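J.: Okay, here's the structure, questions in a sec.
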Amino acid sequence: MSKIFENFKGELFKLAARKKYLVLMIIGMLICAVPPLITSLISSLARTNVRISDVAMMNSTLLIDILLPIIIFMAVTDLFCSEFKNNNIKITLMRPISRFKVYLSKTLAVFCLVAINLCAFWVASSLLEFAFNASGALPNIAFSIAAFAVNLVPLFVLILMAALINQITNGSSLAMFLCIAVYAALQYASLFIGWANGIFFVQYMQWDRILIGTMLPFGALLSRVTLVLGYGITFFVGGLYLFNRKEF
Amino acid sequence: MTKVLEIKNLTKKYKNGRGVENITFSIEKGDIFGILGPNGSGKTTTMKAIVGLCGVDSGAIEVFGYDNRAEFEKAMADVGCLIEMPSIYDYLSAYNNLKLAARLYNNVDNERIDKALSIVRLDKYKNDKAGKFSLGMKQRLGIAMALLSEPEFIILDEPANGLDIEGIVEMRELIVRLSKEKGVTFLISSHISSELEKMCNKIAVIYDGELVSVDSIESALEFNPTLEDYFLNQVKERKGAVVL
């Protein structure tokens with residue numbers, strides 16, 4: 001367990017050393033500012049108190065469906081495919097740590113990066129909501145924390161999907177392209193294929209809409225949760241199998 | 001003597017037909033064991049199989065008595081390696097590259113990292129990005145990584161690659177000193193016979209994926225003036241006359 005943690009810290013250190021993730025986090029926080037600014041503008045133009053509630057929730061589509069997947073694909077590609085290509089994965093693999101622990105710690109490091117980003121987005125959204133809320137009503141903090149937190153589960157499954165894709169490609173550009181292409185294809189498959197509606201986990205990226213604020217029947221809720229978890233297990237096992245067989 | 005490494009009937013073939021076949025040898029504690037062979041003969045494949053970078057088709061490898069597949073972590077606990085080109089992160093400083101590698105060892109502190117850098121004379125450049133290093137400096141950093149945890153067994157694949165004359169001499173002296181003073185065991189591959197002749201006490205010749213011979217350096221040089229002659233004689237006996 002300590003080796004997983006030590007390697008996890010190392011992987012996180014590598015991600016932190018790349019400034020692009022900081023830039024992307026700042027972009028995400030700026031995106032959080034758009035809805036309250038628009039609300040404020042409409043309010044001043046209409047000379048009435050227009051209130052768009054739950055800014056944090058409004059931003060989640062843009063952040064969770066687009067920005068965070070891009071961050072995930074970049075981070076996973078940096079930790080897997082780029083290291084395969086540059087051969088510096090050997091630094092870790094020649095040390096006394098099993099490949100299972102390396103694989104797990106890399107995926108956990110990306111998960112941590114995503115959690116930090118989500119946390120930053122939540123803070124930015126909540127502060128802006130509070131600042132621009134003309135009605136003076138306090139935002140529902142517990143609700144918005146829960147909304148952001150539950151979204152980490154499908155995002156972790158997305159990390160595992162990206163990690164699997166990284167095991168079957170050799171170039172980092174190709175891996176990045178494939179991650180985006182597969183994600184987009186699964187996301188919008190139901191527009192073209194009727195039976196694809198609801199069977200891909202990426203269609204349930206926003207767990208806050210499934211678990212919070214809606215009254216889905218327990219059976220439907222359970223089937224969606226188990227579907228996402230099932231995808232997660234499959235991606236993890238498949239990715240680990242290929243990672244174990246990889247030769248350098 | 002304690003066996004540090006034991007390889008039994010190792011076979012690893014790549015899709016292109018290259019690789020190694022039926023390799024068997026063992027290394028005892030304190031040995032400086034050289035593997036001599038031309039480019040593409042299977043030296044690196046053998047080393048990669050030892051450290052788990054590639055799988056094997058058949059055979060067994062034990063490091064410190066531990067099977068390197070079933071008990072990988074125990075087998076690699078006291079092993080330092082430099083295989084092929086040094087693996088470093090270009091966007092990190094020399095110090096941070098070592099710091100990253102140090103996380104998986106309990107006995108490596110900041111002082112040890114500084115010492116490893118000074119051994120390979122990179123202490124002046126510890127905060128420079130490794131991406132800006134010359135090939136020789138990268139090789140030195142790779143050697144520092146192999147020495148970092150003060151391992152009992154060090155595997156070096158073509159360690160003289162990219163090093164200048166002073167660097168080669170320093171590295172050789174370091175290897176001999178560590179072996180004599182601390183009983184560190186070395187497995188070193190090279191295609192330059194003179195380099196191995198100056199530091200090894202045992203030598204194995206690999207040719208075309210097969211182990212041709214394993215001898216002590218004294219018996220190798222008993223009827224041959226140099227290791228180069230020994231190599232050519234061994235290969236000639238095995239494969240017929242070598243066309244030069």
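J.: State, to one decimal in nm², a quarter of the convex hull surface area for the C-alpha atoms of region B:1-152, i.e. the direction-averaged projected area.
T.: Approximately 10.0 nm², given one-decimal rounding.
J.: For a quick check of understanding: with a 1.4 angstrom probe and all protein chains in place, what accessible area in square angstrom does residue A:116 have, to the nearest ten?
T.: Result for residue A:116: roughly 80 Å² accessible.
J.: How tilted is helix B:165-182 with respect to the longest principal axis of chain B? Cα atoms for both, answer in degrees (0 to 90, nearest 10).
T.: So the helix axis and the longest Cα principal axis differ by about 90 degrees.
J.: Could I ask something else about it? If each of residue A:143 and residue B:164 carries a label point 7 Å out from its Cα toward its Cβ, how far apart are those two points in nm?
T.: 7.0 nm
J.: Which of the aspartates and glutamates could a cross-linker span from residue B:99 if the Cα-Cα distance has to be under 16 Å and same-chain partners fewer than 8 positions apart are dropped?
T.: A:6, A:11, B:90, B:109, B:111, B:114, B:123, B:128, B:150
J.: Let me ask something else about it. What angle, in degrees between 0 and 90 and rounded to the nearest 10, separates the Cα long axis of helix B:110-119 from the longest principal axis of the Cα atoms of chain B?
T.: Compared with the principal axis, the helix lies near 50 degrees.
J.: Compare each residue of region B:100-145 in its chain alone against the assembly with all protein chains, and report those whose accessible area goes down by 10 Å² or more; 1.4 Å probe, heavy atoms.
T.: B:100, B:101, B:103, B:104, B:105, B:145
J.: If you take the beta carbon distance between residue B:71 and residue A:44 as r and set R0 to 41 Å, what does 1/(1 + (r/R0)^6) give as a FRET efficiency, to the nearest 0.05?
T.: Details: r = 70 Å, r/R0 = 1.70.
According to the calculation, E is roughly 0.05.
J.: Which value, in square angstrom to the nearest 100, describes the accessible area buried between chains B and A on both sides, using a 1.4 angstrom probe?
T.: The summed interface area works out to 2600 Å².
J.: Using a 1.4 Å probe, how large is the accessible area of residue A:242, given in Å² and rounded to the nearest 10?
T.: 50 Å²
J.: Over all residues in A:91-104, what is the mean tally of Cβ atoms on other chains that come within 10 Å of each residue's Cβ?
T.: 6
J.: Once you wrap a convex hull around the alpha carbon atoms of chain A, what is its projected area averaged over all directions, in nm²?
T.: 15.5 nm²
J.: Measure off, as a whole percent, the carbon and sulfur share of the 1.4 Å-probe accessible area of chain B, all protein chains present.
T.: Answer for chain B is 47 percent, counting heavy atoms of protein chains only.
J.: Right, here's the next one. For region B:141-231, what does the equivalent ellipsoid look like in terms of its semi-axes, each the square root of 5 times an eigenvalue of the Cα gyration tensor, given largest first in whole Å?
T.: With the √(5λ) rule applied to region B:141-231, the semi-axes are 23, 14, 14 Å.
J.: For helix A:141-150, report the angle its Cα long axis makes with the longest principal axis of the Cα atoms of chain A; keep it between 0 and 90° and round to the nearest 10°.
T.: 30 degrees
J.: While we're on this one: Taking amide hydrogens as modeled 1.01 Å from N in the peptide plane, which residues meet the under 5 Å criterion relative to residue B:19, leaving out close sequence neighbours?
T.: Amide H to amide H, under 5 Å and 5 or more residues apart or across chains, residue B:19 pairs with B:14.
J.: Another question, if that's okay. Gain in length, residue B:14 to residue B:221, computed as 0.36 nm per residue apart minus the alpha-carbon separation, to one decimal in nm? Mind showing how you got there, number by number?
T.: Numbers: separation 207, 0.36 × 207 = 74.52 nm, distance 3.40 nm.
That pair, residue B:14 and residue B:221, stretches by 71.1 nm at full extension.
J.: Any chance you could check the Cα centroid distance between region B:6-49 and region A:225-240 for me, in angstrom?
T.: 39 Å
J.: On to the next question. Rank B:57, B:128, B:215 by accessible area, highest first, at a 1.4 Å probe radius?
T.: Result of the area sort, largest leading: B:57, B:128, B:215.
J.: List the residues, sorted by chain then number, that are 5 or more residues from residue B:207 or on another chain and whose placed amide H is less than 5 Å from its amide H.
T.: Here B:212 satisfy the definition.
J.: Could you work out the Rg to Rh ratio of the protein assembly as shown, with Rh taken as the Kirkwood radius (inverse of the mean 1/r over all Cα pairs)? Write out the running numbers ahead of the final one.
T.: Numbers: Rg = 28.1 Å, Rh = 25.6 Å.
Answer for the protein assembly as shown: 1.10.
J.: Could I ask something else about it? When the Karplus curve 6.51 cos²θ - 1.76 cosθ + 1.60 is applied with θ = phi - 60°, which whole-Hz ³J(HN,Hα) does each residue of region B:79-84 get, with x for Gly and Pro?
T.: For region B:79-84, the Karplus-derived couplings read 10, x, 9, 9, 10, 6 Hz, x marking Gly and Pro.
The values are calculated or read from the model by the stated rules, or taken from the named source; none is laboratory data. Since we're looking at a predicted model, the values are computed, not measured. Methodologically, a virtual Cβ is constructed for each residue, glycine included, from the backbone with ideal geometry; neighbour enumeration extends over all protein chains shown. When the accessible area is computed, the model is the full protein with side chains, heavy atoms only, and any ligands, DNA or RNA have been set aside. Shrake-Rupley method; radii C 1.70, N 1.55, O 1.52, S 1.80 Å.
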